[in-house]
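J.: Please see the structure below; I have some questions.
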Amino acid sequence: MSAVFLLLLVATSSIGAALEKGLPRREARRLSCVRCCGPSEQPVSIISSRYTRMSSDPAFSVPKVQPTIDITILKGEKGEMGEKGYPGAVGKEGERGLRGFNGRKGQKGQPGPQGHSCKQLYAAFSVGRRKPLHSSDYFQQVIFDTEFVNLYKHFNMFSGKFFCYVPGIYYFSLNVHTWNFKETYLHLMKNEKEVAILYAQPSDRSIMQSQSLMLDLQEGEEVWVRMFKRERENAIYSEESDVYIIFNGHLIKPAVE
């Protein structure tokens with residue numbers, strides 16, 4: 001048995017030697033390294049290159065992650081206020097809004113200054129004349145005989161003059177009836193100076209004529225009416241039954257309220 005095993009071993013060796021002699025001998029290939037990166041770069045490892053090849057495949061692709069930057073972290077300090085710009089164009093007027101709620105009641109105001117204890121801040125009068133009057137002198141004062149209103153008796157019926165007790169702005173009016181074919185010429189007087197004229201030319205028809213004005217009076221000043229006679233006869237008409245001549249005046253605004 002051992003002899004058979006030895007024969008098989010020798011035969012196998014001889015066949016192997018014959019095969020080695022019949023086939024040309026192939027030299028072993030020597031591998032050498034080739035630089036694949038720059039001098040300043042690091043060589044890529046086999047694992048990294050394999051990962052690159054795998055990531056190019058859609059099946060092995062890794063989703064890209066984009067980081068979110070918080071802008072408030074990068075915000076700088078508040079700058080200085082710039083110059084005021086030009087005003088813009090006026091816009092269209094909007095619709096009227098709803099009425100708001102009533103506001104709260106305000107506080108009570110301070111008391112006003114103390115008034116004058118002796119003087120009344122009112123003045124008014126209205127007087128008339130029932131008798132006609134012809135001018136006999138160059139200047140003739142008109143006296144009234146009928147009293148309609150004479151508040152606090154500021155109008156003197158005997159002198160025919162209004163005396164100012166309350167300084168301020170007054171309104172006065174004078175109404176007369178002209179006489180047929182006679183001239184009508186009267187002055188509204190402030191103290192001794194004429195301030196307004198009431199005039200009507202002679203006519204065959206009598207008419208009502210009026211004049212009015214406002215005066216700023218000081219305490220103690222007087223307002224009255226006088227007739228002025230020229231070459232022609234001057235007259236004003238009235239009757240006992242009717243009043244055609246009326247002189248009115250009242251205070252509009254006192255100087256001190």
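J.: Any idea what the alpha-carbon Rg over 2.2 N^0.38 Å comes to for segment 181-252?
T.: Ratio of Cα Rg to 2.2 N^0.38 Å: 1.24.
J.: With θ taken as phi - 60° and the coefficients 6.51, -1.76 and 1.60, list the Karplus ³J(HN,Hα) couplings across segment 82-89 in order, rounded to whole Hz; mark glycine and proline as x.
T.: So the J values, rounded to whole Hz, are x, 6, 5, x, 6, x, x, 5.
J.: To continue, here is another question. Report the normalised scattering of segment 114-257 as log10 I(q)/I(0) at q = 0.10, 0.15, 0.17 Å⁻¹, calculated by the Debye formula with identical scatterers on the alpha carbons.
T.: For the requested q values the scattering log ratios are -0.35, -0.72, -0.90.
J.: Each label point is 7 Å from the Cα along the Cα-to-Cβ direction; what then is the distance between the points at SER212 and GLU231, in nm?
T.: Here the modelled spin labels are 3.5 nm apart.
J.: Given R₀ = 51 Å, what would the calculated FRET efficiency be for GLU192 paired with GLU239, taking r from the Cβ atoms and rounding to 0.05?
T.: Efficiency at R0 = 51 Å is approximately 0.95.
J.: Also: Using θ = phi - 60° and the Karplus curve 6.51 cos²θ - 1.76 cosθ + 1.60, what whole-Hz ³J(HN,Hα) does each residue of segment 124-138 get, with Gly and Pro shown as x?
T.: 6, 8, 8, 10, x, 9, 8, 9, x, 9, 10, 6, 9, 10, 4
J.: Related question: List every residue whose amide H lies under 5 Å from the amide H of PHE181, counting only residues 5 or more places away in sequence or on a different chain, with H placed 1.01 Å from N in the peptide plane.
T.: Placed amide hydrogens put SER203, ASP204, ARG205 under 5 Å from PHE181.
J.: Considering the zone a paramagnetic label at ASP137 would reach in this model (a point 7 Å from Cα along the Cα-to-Cβ line), which residues of segment 175-199 have amide N under 18 Å from it?
T.: Residues 185-194 fall inside that zone.
J.: Counting only residues 5 or more places away or on other chains, whose amide H sits under 5 Å from the amide H of ARG130 once H atoms are built in the peptide plane?
T.: For ARG130, whose amide H was placed from the backbone, the distant partners under 5 Å are ASP145, THR146.
J.: Got a sec to turn the phi values of segment 199-215 into Karplus ³J(HN,Hα) couplings, 6.51 cos²θ - 1.76 cosθ + 1.60 with θ = phi - 60°, whole Hz, x for Gly and Pro?
T.: 9, 8, 6, x, 8, 6, 10, 7, 9, 8, 10, 9, 8, 8, 6, 10, 10
Taken together, the values in this text are just the output of simple stated rules run on the coordinates, not laboratory data. A quick note: this is a predicted structure, and the numbers were derived from the prediction, not measured. Using ideal geometry, Cβ is built from the backbone for each residue, glycine included, and neighbour counts are taken over all protein chains shown.
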